[in-house]
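Nothing in this text is a laboratory measurement; each read-out follows from the coordinates by a stated rule. The shown structure was predicted, so the numbers you read here are calculated from the model rather than taken from an experiment. Cβ: placed from backbone, ideal geometry, glycine included. Neighbour counts: every protein chain shown.
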Amino acid sequence: MATDEVIALLGGWEGYSVGTVGRFKAGRFGPTAQVWIELIRQPGPRVCSGCGRRYETTHDVEERWVRDLPLMDAEVHLMVPRCRVKCDVCGPLVEHLSWLAKYARVTTRFAENIARLCRHLAIKHVAEFYRLGWDAVKAIDKEYLERTLGEPDLSDLTLLAMDEFAVKKGHRYATIFVEPERKQVLWVCRGRGREDIRPFFERLGAEGCRRIEAVAMDMNGAFEEEVRAQCPQAEIVYDQFHVVAKYGREVVDAVRMAEARKQTSRGDRQLIKGSRWLLLRNADGLKRKDRVKLKELLAVNRKLATAYILKDDLKSLWSYRYPDAAVRFWREWYTRAVRSRLKPLALFARRLRDRIDGVIAHCRYPLHTSLLEGINNKIKVIKRVAYGFRDEAYFFLKIRQAFPGNAG
């Protein structure tokens, strides 16, 4: 077998044979070695890229330089005579090739290789590795994601979890929708208001909205109002993480700062002010010296001790599996809270009382958004690796790619 036949066989450039081949060492035309391959169009019918009809006649031919995967230590540049078919239906149109997209400047396999690397590396690093432009690499990856991800399958959706995350500093947010059992990101949209999330339910359709049984969320009023409007039969399930975090902000922080202001000694005041994370973190996650410090702090301040103990007790609500038992526990906790003589705690308890059904619903639908918190952390990593995203649509595609869902 001749050398050009071997190269053509390895190259897989269907419809073309190999003509002239040249190789230049690094330094002559660039910092890396380069291989130049002239491809010659073989005789035969051309396929219209529009309608798929086959034609023997060609409208015109234009030479185009195309990048392929590197060979050994060298870049591969192809000189491709690109034919336009004289189609009776579509008019003059570029012929279809299995290995080269319509207007692409890189082969299909090279583009897929670039996209695979972009899943794990920043665009900047992939572009530098292949000596391509940043914009070219981004366009290749975005087109690949749009083609391979497609539209999410919402046909059997019955459970849903939703949460917000920060896109950029300055209170710019987006909302993420997840199928909690498959752990699949279904949809990402800009904003966190009712009008922002409504397109998801419109895409779900009236029948799809009726299938939704439960939605896990934080205590976002806009989320709840839109879900009740679109899926009135669905149960709202409040997540433990967000409710306890709200307790930490509205009760623990308020009591801590009030107690700090009462201290006459600067050292005592700074001790209480600096104990925020000690009071908010789970005791199981504390080191031994921090547990000793926490115990001493609670022993000398009764109000902080009350707020801390009731915080831990509140978490127990999510451990119940029978609604009646959960209701009894809630009533006991509520009585202790309103009798604690801590105004922030009593106020929090009264506000939570009006929405307690969303907590009790956890007994019937043990959903939680801790999965979403994990997704939010991964989103931060995606942003950091990419040094931020200027194209939000591309950013949202990268999020969907990172969470395709568990098989089966």
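Couple of notes before you dig in:
- Acute angle (nearest 10 degrees) that the helix 108-118 long axis makes with the longest principal axis of the chain, alpha-carbon atoms: 20
- Summing +1 for each Lys or Arg and -1 for each Asp or Glu among the other residues whose beta-carbon sits under 13 angstrom from that of Lys289 gives +3.
- On full extension, the segment bounded by Lys124 and Arg390 gains 94.4 nm, given 0.36 nm per residue less the C-alpha separation.
- Lysines whose Cα lies under 19 Å from that of Lys383, excluding same-chain neighbours fewer than 8 positions away: Lys124, Lys138, Lys142, Lys168, Lys169, Lys398
- Signed unit charges on C-beta, dipole axis of the chain, positive-most listed residue Leu317, Ala127, Pro45: Leu317
- Near Arg54: Cβ cut-off under 11 Å, other residues only, Lys/Arg at +1 and Asp/Glu at -1. The net charge is 0.
- Rounded to the nearest 20 debye, dipole of region 3-105 from Cβ charges on Lys, Arg, Asp, Glu: 260
- Per residue, the average separation of C-alpha pairs within less than 8 Å and at least 6 apart gives the chain a relative contact order of 12 percent.
- Rounded, prolate or oblate (a/c below 1.5 giving rounded, otherwise prolate when a/b exceeds b/c) for region 132-190 by Cα gyration tensor: oblate
- Gain in span if fully extended, Lys378 to Arg353, counting 0.36 nm per residue against the direct Cα distance: 5.6 nm
- Ordering of 44-51, 357-364 by packing [mean C-beta count within 10 Å, highest first]: 357-364, 44-51
- Reciprocal mean inverse distance between Cα atoms of the chain - Kirkwood radius, Å: 26.4
- The alpha carbons of region 76-226 give a radius of gyration and a Dmax of 21.0, 61 Å, in that order.
- Distance (nanometres) between label positions extended 7 Å along Cα→Cβ at Thr20 and Tyr103: 2.9
- Bridges between two residues of the chain, per DSSP, are antiparallel at a rate of about 75%.
- Helix 288-300 and the longest principal axis of the Cα set of the chain meet at an angle near 40°.
- Relative contact order (percent, whole number), region 240-363, Cα cutoff 8 Å, 6+ residue spacing: 29
- Comparing mean-square fluctuations of Ile176, Ile379, Ile356 from a GNM of the chain with C-alpha springs under 10 Å, the top value falls on Ile356.
- Only Lys, Arg, Asp and Glu carry charge here, each on its Cβ (+1 for the first two, -1 for the last two); on that basis the chain has a dipole of about 2900 debye about its Cα centre.
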